[in-house]
1. What part of the accessible area of the stretch 229-283, given as a whole %, is carbon or sulfur when the probe is 1.4 angstrom?
2. Given 0.36 nm per residue, what is the gain on full extension from Lys104 to Arg214 after removing their alpha carbon distance, in nm?
3. Just the accessible area per residue of the stretch 213-286, please: how many Å² with a 1.4 Å probe?
4. With +1 assigned to the C-beta of every Lys and Arg and -1 to the C-beta of every Asp and Glu, and no other charges, what is the dipole magnitude of the stretch 301-387 about the Cα centre in debye, to the nearest 20?
5. Could you pull out every one of the lysines with an alpha carbon less than 21 Å from that of Lys361, ignoring same-chain neighbours closer than 8 positions?
6. Calculate, for the stretch 51-137, the solvent-accessible area per residue in square angstrom, rolling a 1.4 angstrom probe over the heavy atoms of the protein chains.
7. Which of Lys109, Lys229, Lys250 ends up with the largest GNM mean-square fluctuation for the chain, with Cα atoms connected below 10 Å?
8. Rounded if a/c is under 1.5, else prolate if a/b is larger than b/c, else oblate: which is the stretch 205-353, with a ≥ b ≥ c the root eigenvalues of its Cα gyration tensor?
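The values are calculated or read from the model by the stated rules, or taken from the named source; none is laboratory data. A quick note: this is a predicted structure, and the numbers were derived from the prediction, not measured. Backbone-built Cβ (ideal geometry, glycine too); neighbour counts: all protein chains shown. With ligands, DNA and RNA removed, areas are computed over all heavy atoms of the protein, side chains included. Shrake-Rupley method; radii C 1.70, N 1.55, O 1.52, S 1.80 Å.
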Amino acid sequence: MRTKTSKKCLNSTWTNRFIQILKVLHITNWYPTNKKTNNALWIKRQIESLPNNQKNHILHFDIQYGRSPSIYRVKYEYLNQLEITLPIKSWFLIELIYFIWLAKELLFKKRHKSYDLINFHIAYPLLTYWHLLKPFVKKPVVINEHWSGYHFNFGVNKKLKRIQRIFKHGIPVIGVSNSLIRDIKLFSNANFKTHILPNVVDTIDFSPEKDIKREDFFFMVSNWKWPKKPLILLQAFKAFLKDHKNFRLKVGGFGPDYEKIEQWVIQNKMHGSVELLGVLDQKAIAHNMIHSRAFLHCSRYETFSVVCAEAVISHTPCIVSDVGGIPEVVSPSEGILIKSERVTEWVSAMKACLQLEFHFKNGNVFSKNAIGIKYRSILAECITDFNKP
């Protein structure tokens, strides 16, 4: 018995030490840059949630389309970024360029040699030709996935065998929601181990204020692009105003569809009732979220929805689409979830929201510390599984 106990203690001590010195190489084609500071912040925040005593290095490589070729390169102690702009729209050629870059980093520079695990953030196109590299990379690998493309078959009506093949290697996948994991499995028809890791939300700025006096306005903010549906919300709010003339709608954000929002406000002469705030920093978003009567978000699909999580931990009632990962973020006690895109249902929800009482769960589930602990545990488990005989 003493021998078994001693072995258990030794194994436990070694495991704790191993987790503390975990060294991870993160490889991604989505990441913020000095030029695009809001790009893929959710990936940056997930990586930064990992403990300070863990060694992380990030390789960021991205190909952008543009008529004039250019190169953007940044190198820090913990981050190497290379973003190239090319006049190429062929996905086959783009996949090949990603493969050549990855082969150079792993086979020739041997970047992975001093790390315990390789963590790919976004599988495609980085891992399109992983079957050619896999025999030479003797390290555990895991994928973090955020992309809604799997739900829509990447917008095409054909089988995407090269993307499907990525998931047939048995690489474990970390998804931000169960909904996303289901989409990937349905898309790829592959079997692999899965883990759920929500996105990180700032629980300092987004936190409920005691005895807050909410003002008579709704709030919506996003990177306005498909599959978001902001015009449904605007139309519903216009109808809602017939019975609540003093209410306002505040709209923040940016993106390709923000101009459509501006045009709608002009065409419908809604300047007095709809306030366009444009790009907002985090503190401004939090202030409007906390003081609003409800947060509005209409979308065809979401893998997670950070803005909905920010509303929930601010204890702001949500009127949101019942799609994708949103029901995993917003419970029925925290808002009204709507399955339809009919304007009349959104109008009814806006009216009902003013009469209902909501109850919120502990928002610490999305905190940096909580996500970091869970993330580190998942990575350690992936390494342990890889090293099993």
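1. 50 percent
2. Once the chain is fully extended between Lys104 and Arg214, it gains 34.1 nm.
3. Heavy-atom SASA per residue in the stretch 213-286 reads 52 Å².
4. In debye, rounded to 20, the stretch 301-387 gives about 160.
5. Reachable lysines: Lys210, Lys213, Lys374.
6. Per residue, the stretch 51-137 has an accessible area of 52 Å².
7. Residue with maximal mean-square fluctuation among Lys109, Lys229, Lys250: Lys109.
8. It is rounded, given that a/c, with a ≥ b ≥ c, falls under 1.5.
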